[in-house]
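Beneath this line is the structure, given in structure tokens, with notes to follow.
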Amino acid sequence: MRRWEYVGDGSAKFWEAAVEGASVRVRYGRIGTDGREQVKELASAEAAEAHFGRLVAEKERKGYRQAGAPGAAASAETAPVPGGAGQAQ
């Protein structure tokens, strides 16, 4: 799944999405939680790709930035810790 994050205005949220055949799987919530997951079934793989594209565009308009993309700030929850020390279990 690809991941987008929004940190600002007192919020720290994530949104993940992936196309799986003719369905789109989305997971979202506060950073540091498991979040909620939804799956939407569409008529075809092409329809699923188009739906995914619209969802991504909407999230990016709202200020979400793809995690790991150039210029995206890594949050403390998702940033790798050297040696693995201090990671939540």
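Of all residues in the stretch 28-43, those that are within 13 Å of the chain's Cα centre (by Cα) and more than 20 Å from A57 (Cβ to Cβ) total 9. Quick check: is even one residue across the stretch 50-62 under 15 Å from R2 (Cβ atoms), in a loop (DSSP other than H, G, I, E, B), at pLDDT 95 or above and within 12 Å of the chain's Cα centre (by Cα)? Within the stretch 50-62, none of the residues are under 15 Å from R2 (Cβ atoms), in a loop (DSSP other than H, G, I, E, B), at pLDDT 95 or above and within 12 Å of the chain's Cα centre (by Cα).
For the stretch 63-76, which residues satisfy the criterion of being open to solvent by 40 Å² or more (accessible area, probe 1.4 Å), under 17 Å from D9 (Cβ atoms) and at pLDDT below 95? A73, the sole residue that qualifies. When the stretch 1-12 is limited to residues that are touching a residue at least 24 places away in the same chain (Cβ under 8 Å) and touching a strand residue (DSSP E or B) at 6+ places or on another chain (Cβ under 9 Å), the one that is farthest from E37 (Cα to Cα) turns out to be V7. Among the residues here, R27 qualifies as at pLDDT 95 or above and either of a type in the set (D, E) or touching an Asp or Glu at 6+ places or on another chain (Cβ under 8 Å) (or both). How many residues does the stretch 1-27 contain that are open to solvent by 60 Å² or more (accessible area, probe 1.4 Å), within 13 Å of V56 (Cβ to Cβ) and in a strand (DSSP E or B)? The qualifying residues number 1. Inspect all residues belonging to the stretch 36-48 and state whether any of them is part of a strand (DSSP E or B), more than 18 Å from R3 (Cβ to Cβ) and open to solvent by less than 40 Å² (accessible area, probe 1.4 Å). No; the residues of the stretch 36-48 include none that is part of a strand (DSSP E or B), more than 18 Å from R3 (Cβ to Cβ) and open to solvent by less than 40 Å² (accessible area, probe 1.4 Å).
The values are calculated or read from the model by the stated rules, or taken from the named source; none is laboratory data. Since we're looking at a predicted model, the values are computed, not measured. Neighbour counts are summed over all protein chains in view; Cβ atoms, including those assigned to glycine, are modelled from backbone coordinates with ideal geometry. Surface areas here come from the heavy atoms of the whole protein model, side chains and all, with no ligands, DNA or RNA. Shrake-Rupley method; radii C 1.70, N 1.55, O 1.52, S 1.80 Å.
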